[in-house]
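The values are calculated or read from the model by the stated rules, or taken from the named source; none is laboratory data. The shown structure was predicted, so the numbers you read here are calculated from the model rather than taken from an experiment. Here the Cβ is made from the backbone with ideal geometry for all residues, glycine too, and neighbour counts use every protein chain on show.
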Amino acid sequence: MIGGYHGSASPCSLQNMTMLHVSDILIERHDLGSFAELVDAVRTRAQGERFFRIDVKPPFADTPENWEDVLESAFTSASGR
């Protein structure tokens, strides 16, 4: 038994599940100058990612009140989920 799992089917590996963090995008993309550009970056990075974590509030002046919903929607629509 490995990690509390036993059986004939292979378990989902955490290594196969990737997560995109807002903070990672902001750290990697210093060129982003607006919330709209962040939304585009989320859409681009969502491809190939399985999960999305909104771990920081974007620092842009044009960040809307519903920024979390907007980012989640951008991720979901681009990742095909």
Legend entry - Total residues in region 55-69, condition among the aliphatic types (A, V, I, L, M) and either in contact with a Phe, Trp or Tyr (Cβ under 8 Å, 6 or more places away or on another chain) or closer than 16 Å to residue 29 by Cα (or both): 1
Inset, instruction - Among what's in region 31-81 and is assigned to a helix (DSSP H, G or I) and touching a strand residue (DSSP E or B) at 6+ places or on another chain (Cβ under 6 Å), pick the residue that is surrounded by the most Cβ atoms within 10 Å (Cβ to Cβ). - result: 75
Inset, instruction - Would you mind finding the one in 60, 35, 51 that is among the aromatic types (Phe, Trp, Tyr) and under 10 Å from the mean Cα position of the chain (by Cα)? - result: 51
Legend entry - residue 10 being modelled with pLDDT under 95, among the small types (Gly, Ala, Ser), on the phi < 0 side of the Ramachandran plot and not in a helix (DSSP H, G or I): yes
Inset, instruction - Taking only region 50-60 into account, find how many residues are more than 13 Å from residue 22 (Cα to Cα) and free of Cβ contacts under 8 Å to residues at least 12 places away in the same chain. - result: 0
